[in-house]
Structure formats: structure tokens, C-alpha cells
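*Asks:* Would you mind keeping the following structure in view while I ask a few things?
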Amino acid sequence: MDPRPGNAAELTHDVAVLGGGIAGATAALRLAQAGASPLWISRNPRTGFKPGEHLSAAALPLLKVLGSDALLRAEVHRHAHSTYSAWGSALLTERNAIVQLEGPPTVLDRISFEKALSTQAIAAGAERIERDVVDVRITGQTWELKLEDTIQKARFLFDATGRKAIVASKFAPRFQADRLTCQFAIFKCPEKSTPRPVTLIEAEERGWWYLSVLADRRVVVNFYTDADLHGFANPKLDRNARQSKTISAFLSDYGYEICSEVKRIACNSTWLAPAIGPGWVAIGDASAAFDPLSSHGITTALWSAIQAADAFLAQDRQKMQAYADGVAQGVQTYLDARSRIYGQEQRWKNSPFWARRAAVA
Ligand SMILES: Cc1cc2nc3c(=O)[nH]c(=O)nc-3n(C[C@H](O)[C@H](O)[C@H](O)COP(=O)(O)OP(=O)(O)OC[C@H]3O[C@@H](n4cnc5c(N)ncnc54)[C@H](O)[C@@H]3O)c2cc1C
């Protein structure tokens, strides 16, 4: 008899998914839809606000594959028709979704979207346990997952634990291209205000600003810079935003005031190679996490979860290898695009933030 508390079941699951973000929910959903009954372990769902709300139109075909595209019709999300950016010059230029063949991007309420995807995965048959994974070991061909109060076993793992990649980072080398970090806060405007539903991006000497109007008229304001640069620890996001040009004008035109604490979150470009190993596959940010300027993190999470789940379901090693090759190729394409886009900004060549990015351009 196993003396460990809570280890009543001798059951070894065929497959377990770790992590409750978009990659984890998508893998759990895809596996469950195929009848694979995945064990899905994730922390208690978050409440409040989760940054990363800009969903590229490229995600729509992936959501259709999952039968999840209707989730975007919820009132808590909005179409993002207009994005303005001051990047490479002080001139504000508009990118209007009318000229985009694939249709408009969406500004998501991330927490609601992740909850809806989770509900769909559970309804399809995923067995969800809301716990932290405290430790992971492999004995022979069986994974032992130590949770806070129990131990679960599985033969195959999907690591969808975000940048931490709690399993995959033990078995594959991690690479990192920068130390980008984000400070963010929520602002609200008076009832009588009618803000234009826009997204704004503004480059400045120490990094860049992002503002997006949410479906409920609040805005999220993000400032991106490198974690080791002077001034990063300064939590005065509101005061600094008021010294910007475009973001500041938008906030004062509509009477926005900060209404949340300022939080910080890592958004460095980091990836594992390879993204697969014996008995495991890394998906979403656990396999490759991108600079939010790309607006492709969510789409990549959806893509990677579907590709890896389909390879697992087919029990096809070549398909799994093709997935890992696809991740590696995607990282290269991303790094090239990142250099090109940062290289468009030439105004602050002596600023460490821009000089570092010019060095890789
Ligand atoms: C500031 C910021 C802005 C962004 N903006 C955009 C954007 O506009 N558009 C876009 O497409 N992408 C954006 N991204 C990227 C996007 O958010 C990520 O690519 C996406 O969240 C990846 O999803 P994921 O499921 O792989 O990881 P995550 O969302 O990080 O989910 C990981 C999950 O694993 C769980 N977990 C971790 N450790 C454990 C453990 N030990 N036990 C149990 N559970 C665990 C976590 O609780 C979490 O639920 C942004 C990212 C940041 C940081």
C-alpha cells in the first residue's frame, strides 16, 4: 500500500495537462473532444484582470477547429477596428481592420475567455483538478505529479505552465533573447465619457507604451522596458504615462484615472529547444514565449496545443517531431520579425533599450 496521503487511486492516466491558461485549456479540450479523458491540473482560476487581451484575427480559424469561435461573441469582448501607433516617428499612423482580409482582431476579457474555454473542456470530458503542481518526477515510463494534497500519475504530460515550463525546462535547454518586462494598470473614465474604442502604441526612449480600451470602457495601460534598466523599479506608471504624448492625451481627453495597483510581469522572449522529449511536450509559452508587440502569444498557444494534441492522439512520432520543428521554425520567424520591427525605431540609438535591440537587428 502506498503510504502517501490522498494517494487512493492506483490509476495511471494516459495523459495529463498541466496549466490552466489558453494552451492548457485548448489541449484539454482537444484531447477530451477526441475521447482521451485527460487529467487536467491547474491552479485555481484567477479573478480580476489578466493582461494579454489583443487576439489576432489569425486565431479565428483555430477557434473554429475547436468549435469555440462563438465564445468571441460574448459582450465582454470587443472587435478591435483601429490601432494607432507612433513607432519610428512621432507621427501617429492608423491600422484599420477594414483593410485586413482576415477581419478585425478582438480585445478580449482574458479571464472570461479562459473560463469559457475551460468550461468547454470540462463539458467535453476533461477531468480538472484545481491545485498547484508542487513537484514532478518520472519513474520508468510513469510521471508522478505531486500536488498540494495528493499524488497523480500519468504516462504522458502536456506542459502548459507558461514561461515557468515546470516540466520541460528540466529536460530541455532554455534560450532567452531579452529581459522585457511590463508594468500595467487599469484606468477608468467618468460615466459621461465616450472614449473611442482604440488601441494605441507609442515608442519612447526607455521602451514603449500600449493602451487598449476594453469592452467595459476601462483602459489597460502597459509600459514595456527591460527589467534591468534604470527606472524600471519605479512604480509611478500613472505619472510616467502622463509624460508620454499620445497615451497622455488620450487619458486626459476622456478623463481617465488610475483605478488599480501597478503590477509587473515578465514578457521576455524565451524558448525551449527541443519542445518535446520522451513522455512530454511543451505547448504555449512553455515552449516559446514572445514579446507582446507581436500580438501572437494567444494564437501560438492555440496552434501549439492543437498540433501537439493531434500528434499525441495519432500516436505518431513523426507528427510530434513535426510539431517541435514547427515551434523551432516559428521562433526563427519571430526573431527575424522582432529585429525588423524594433529596427524601424531609430530615434534613440543611444538608449540602452533600443541599442540592445538594434544590436540583434
Ligand atoms: C503583459 C503581457 C501582454 C501580452 N499581450 C498579448 C496580446 O495582446 N496578445 C497575445 O496574443 N498575447 C499576448 N501576451 C502573451 C500571452 O498572454 C501568452 O502568450 C499566453 O498567455 C500563453 O498562454 P499559456 O497558456 O501558454 O500560458 P499562461 O497564460 O501563462 O498560463 C500558464 C498556466 O499555468 C499555470 N501554472 C504555472 N505553474 C503551475 C503549477 N506549478 N501548477 C499548476 N499550474 C501552474 C498558471 O497558473 C497558468 O494558469 C501578453 C503577455 C504579457 C505578459
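*Asks:* Would you mention how many residues in region 270-290 are in contact with a helix residue (DSSP H, G or I) (Cβ under 7 Å, 6 or more places away or on another chain) and more than 7 Å from the ligand (Cβ to nearest atom)?
*Replies:* Total meeting the criteria: 13.
*Asks:* Among (1) within 13 Å of the ligand (Cβ to nearest atom); (2) at positive phi, where does Lys263 come up short?
*Replies:* Going through the list (1) within 13 Å of the ligand (Cβ to nearest atom); (2) at positive phi, Lys263 breaks only (2).
*Asks:* Show the residue pairs meeting these rules: Cβ distance below 6 Å; 6+ apart or different chains; first residue within region 180-207 and on the phi < 0 side of the Ramachandran plot; second residue among the polar types (S, T, N, Q) and assigned to a strand (DSSP E or B).
*Replies:* Going by the 6 Å Cβ cut-off, the qualifying pairs are Cys182/Asn222; Phe184/Asn222; Val198/Ser82; Thr199/Thr83; Thr199/Ser212; Ile201/Ser85; Arg206/Thr225.
*Asks:* Can you name every one of the strands (runs of 3 or more DSSP E) wholly within region 131-246 that holds 2 or more residues which are surrounded by 14 or more Cβ atoms within 10 Å (Cβ to Cβ)?
*Replies:* Correct list: 133-139, 142-147, 151-159, 180-188, 198-204, 207-213, 219-226.
*Asks:* Quickly run through region 255-291 and pick out the residues that are outside any loop (DSSP other than H, G, I, E, B) and farther than 27 Å from Val17 by Cβ.
*Replies:* Residues satisfying the conditions are Glu257, Ile258, Arg264.
*Asks:* Suppose we filter Leu313, Leu293, Leu302 for residues that are more than 8 Å from the ligand (Cβ to nearest atom) and modelled with pLDDT under 95; which single one remains?
*Replies:* One residue alone meets the criteria, Leu293.
*Asks:* Criterion first (out of contact with any helix residue (DSSP H, G or I) (no Cβ under 8 Å at 6 or more places or on another chain) and either of a type outside the set (Phe, Trp, Tyr) or more than 21 Å from Pro61 (Cβ to Cβ) (or both)) does Asp325 satisfy it?
*Replies:* yes
*Asks:* Could I ask something else about it? Looking only at region 309-361, how many residues end up being assigned to a helix (DSSP H, G or I) and among the polar types (S, T, N, Q)?
*Replies:* The number of residues fulfilling the criteria is 6.
*Asks:* While we're looking at this one, here's another question. What strands (runs of 3 or more DSSP E) lie completely within region 7-119 and have 1 or more residues being without any contact (Cβ under 8 Å) to a residue 60 or more places away in the chain and not aromatic (Phe, Trp, Tyr)?
*Replies:* It comes to 93-96.
*Asks:* While we're here: Please pick out the residue among Tyr334, Tyr323, Tyr342 that is in contact with a Lys or Arg (Cβ under 8 Å, 6 or more places away or on another chain) and surrounded by 16 or more Cβ atoms within 10 Å (Cβ to Cβ).
*Replies:* The match here is Tyr342.
*Asks:* Further question on the same structure: Would you check which residues across region 272-309 are buried (at least 24 other Cβ atoms within 10 Å of the Cβ) and at positive phi and list them?
*Replies:* Answer for region 272-309, where residues must be buried (at least 24 other Cβ atoms within 10 Å of the Cβ) and at positive phi: just Gly284.
The values are calculated or read from the model by the stated rules, or taken from the named source; none is laboratory data. Since we're looking at a predicted model, the values are computed, not measured. Glycine also receives a Cβ, built like all others from the backbone with ideal geometry; neighbour counts cover every protein chain displayed.
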